[in-house]
């Protein structure tokens, strides 16, 4: 997804002088001038390296940002660490819950911070070309097919995948979102996978929801049935087309979930700890 170029972003501030010092000295934007926009009142205008303007308009009161609201500044990695250190030294950084919880991809570095008016901001850099990394945990023995009831979705934290069981078979879905590398979570009450970073949604087989046309299906890992055990190879993340998304790895017809109900309950209890 290419970065979006905007012409002008307007932020309300209570003290235009203090706000300009922050955006110029700490964040590194270029100061352009004062009161350049007649309709915006008393303002300070700064500019990003791609030519977009950030306009700080002075108000008597600045309402707090709403839930989930933030502004993201994308920078080259060679600039990211210098800006990050300045923000940290100035005490502007806020706890970056997405990074601390391991939700961000390995090719991305990011931090969250506040400006003097407590606007929530984010600084992000990409370390290279966007790819979907495999877990690289080798082959993982997940268990026997009868350990997973039809309709179940089991998370394997170490292997970074979800094992999905349906009437048609099993599927090992990568937990990495195909939008921007964050990690999806399973929502059983809504029968969907949800990415917490940008709210992309996927069905149980990893297909994008009908209202998410800009993302491909979740990647999968290869599955083998060896000595009656499901073995998942996490060393290669396999892309799929939408036509391939519903294809499952068949399990032996003789497997009966009813006969193995105690094992199922045990497996479900164990999976909650993952």
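Readers should treat all values here as calculations from the given coordinates under stated rules, not as data from a laboratory. What you see is a predicted model, and the numbers here were worked out from it, not measured in a lab. Quick reminder, even Gly has a Cβ in these numbers, built from the backbone with ideal geometry, and neighbours come from all protein chains shown.
Spin-label point model (7 Å from Cα, Cβ direction): what's the residue 30 to residue 15 distance in nm? So the label points at residue 30 and residue 15 sit 2.8 nm apart. Between the beta carbons of residue 139 and residue 244, assuming R0 = 22 Å, the FRET efficiency works out to 0.50 to the nearest 0.05. Once you order the gyration tensor axes a ≥ b ≥ c over the Cα atoms, which shape class does segment 174-228 get: rounded for a/c under 1.5, otherwise prolate or oblate by comparing a/b with b/c? Since a/c reaches 1.5 and a/b is larger than b/c, the shape of segment 174-228 is classed as prolate. Between residue 70 and residue 7, the modelled label-to-label distance comes to 2.9 nm, taking each label 7 Å out from Cα in the direction of the beta carbon.
Round to the nearest 0.05 the FRET efficiency obtained for residue 94 and residue 226 when R0 = 45 Å and r is the Cβ-Cβ distance. Approximately 0.40, to the nearest 0.05. Overall, the anisotropy analysis places segment 120-181 in the prolate class: the square-rooted eigenvalues a ≥ b ≥ c of its C-alpha gyration tensor yield a/c not less than 1.5, with a/b exceeding b/c. Shape analysis of segment 19-74 places it in the oblate category; the axes a ≥ b ≥ c from the Cα gyration tensor give an a/c of at least 1.5, with a/b not above b/c.
Estimated at 0.36 nm per residue, the fully extended path between residue 199 and residue 127 surpasses their Cα-Cα distance by 23.6 nm. Label residue 118 and residue 158 with points 7 Å out from Cα along Cα→Cβ: what is the distance between them in nm? Computed distance between label sites residue 118 and residue 158 equals 4.5 nm.
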